[in-house]
């Protein structure tokens, strides 16, 4: 059973979002979350002094995420990313949202007092959210890989590819990103595209990434990869692409919004960052595209999460021992030659459904809501 | 039975070692209805590839059913496949750059 939102989305978690619109209001927002830790989440735009379309849309998208029941927007008052503007946008989704400004409340203390009373109201309101039945067709999942090693291309990514296919066959939606890790995959992805336009878009995207790498003379490739057994950049890229399964490519996602339909999509990161980002950021970008759950495959092991539940998948047996507390899915049986990719892919799909139904991931239990 | 190597796609002509394997070892990989036996002609380290069958010079090396490069020389079944005998035309940087003698 999920949580039904006024805009028709169904969420797998139920949180009141405390959103800061600038670095100056971040402290107040975080203090408010500490005062009311249950059923709340805090995120925002520290650079909000200036009003930038991308980040503005991102915090609105996160505020109207299916797991966000309501929102309190906290601003200083002089920043370009105006708290009332953000609140108005979120309000269009039918959600309860309020905004307060520090310079109207007489400083941090006044804001904390007023904000606290608003949160009490919103948290209670969120707890009465209508419930709705959810099927896999309602689910949106994003996959990110970080700290990759040999096991990523041999096990973790192919396993997520199998799970992706199962999710899509059941009517769900799946996305991944990082065009710079897909060098050499332009043609193969274009072949999977549902129409000419998508084929053109994905080709242009990957060719642009390749051009940039050739220009800089820098590729995501080095001696370590070769020593580890990778013979060419293509081999590395195909190992990365194996996370995408085999289903048709529906489109390339750019603007933060619900994907236009179900199925498999490639997501493009933010142009400002040169299409490169850290892993929690990658997860949160998926969240801004309405992903319910993030899959994070890692060879080196990582402890991070994101705003949405993150299922961490590790296939390296040595790393698994070191970081077992933070792992959600043990993919080492494939590397130990004990299970097949297909078998483990089916197990991962079952885990995705369990998390959607309420099972908490390690990132949630440890409080790793990096945002 | 524990597998010592993995076959990622039925179209592949290489398999990847899941442990450090030794010259002379007999290795079987299987996927769906395909099962391939090979006797290793060289030591194959974890994460490295060996040929599942004889591959001719100029032939494509396939992994995940896709070409990762072309054979620089004839390769026999069970031989190590890596930068010394396989190179991509698009992204194949010369092996000397990496100081590898092969």
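Evaluating residue B:1 against the criteria (1) surrounded by fewer than 13 Cβ atoms within 10 Å (Cβ to Cβ); (2) closer than 20 Å to residue A:158 by Cα leaves one unmet condition, (2). Of the candidates B:23, B:11, the single residue that is within 23 Å of residue B:83 (Cβ to Cβ), touching a residue at least 24 places away in the same chain (Cβ under 8 Å), more than 9 Å from chain A (Cβ to nearest Cβ) and assigned to a loop (DSSP other than H, G, I, E, B) is B:11.
Out of all the residues in region A:330-348, which are farther than 21 Å from residue A:168 by Cα, at the interface with chain B (Cβ under 9 Å from one of its Cβ atoms) and in contact with a helix residue (DSSP H, G or I) (Cβ under 7 Å, 6 or more places away or on another chain)? Within region A:330-348, A:334, A:335, A:336 meet the criteria. Within region A:241-264, restricting attention to residues that are touching a strand residue (DSSP E or B) at 6+ places or on another chain (Cβ under 7 Å) and over 13 Å from residue A:192 (Cβ atoms), the residue that is farthest from the other protein chains (Cβ to nearest Cβ) is A:260. Residues of region B:26-56 that are exposed (fewer than 14 other Cβ atoms within 10 Å of the Cβ) and part of a strand (DSSP E or B): B:26, B:34, B:35, B:37, B:39. Of the helices (runs of 4 or more DSSP H) lying entirely inside region A:178-231, those carrying at least 1 residues that are surrounded by fewer than 20 Cβ atoms within 10 Å (Cβ to Cβ) and more than 11 Å from every other protein chain (Cβ to nearest Cβ) are A:186-192, A:196-216. For residue A:37, the test of being out of contact with any strand residue (DSSP E or B) (no Cβ under 6 Å at 6 or more places or on another chain) and either farther than 26 Å from residue A:255 by Cα or at pLDDT 95 or above (or both) is passed.
Counting only helices (runs of 4 or more DSSP H) that sit wholly inside region A:68-175, those with at least 3 residues that are under 30 Å from residue A:349 (Cβ atoms) and within 14 Å of chain B (Cβ to nearest Cβ) are A:157-169. Exactly one residue out of A:151, A:173 is surrounded by 22 or more Cβ atoms within 10 Å (Cβ to Cβ), in contact (Cβ under 8 Å) with a residue 60 or more places away in the chain and more than 30 Å from residue B:17 (Cα to Cα), and it is A:173.
Can you tell me which residue within region A:260-287, out of those that are at pLDDT 80 or above and surrounded by fewer than 23 Cβ atoms within 10 Å (Cβ to Cβ), is farthest from residue A:249 (Cα to Cα)? Of everything passing the filter in region A:260-287, A:281 is farthest from residue A:249 (Cα to Cα). Scanning region A:330-345 turns up one or more residues that are in contact with a strand residue (DSSP E or B) (Cβ under 6 Å, 6 or more places away or on another chain) and modelled with pLDDT of 90 or more. Residues that are assigned to a loop (DSSP other than H, G, I, E, B), more than 18 Å from the chain's Cα centre (by Cα) and either without any contact (Cβ under 8 Å) to a residue 40 or more places away in the chain or crowded, with 22+ Cβ neighbours inside 10 Å (or both) within region A:29-51 comprise A:37, A:46, A:47, A:48, A:49, A:50, A:51, listed in sequence order.
The values are calculated or read from the model by the stated rules, or taken from the named source; none is laboratory data. Note that the structure is a prediction, hence the values are computed from the model and not measured. With ideal geometry, Cβ positions are generated from the backbone for all residues, glycine too; neighbour counts draw on all protein chains shown.
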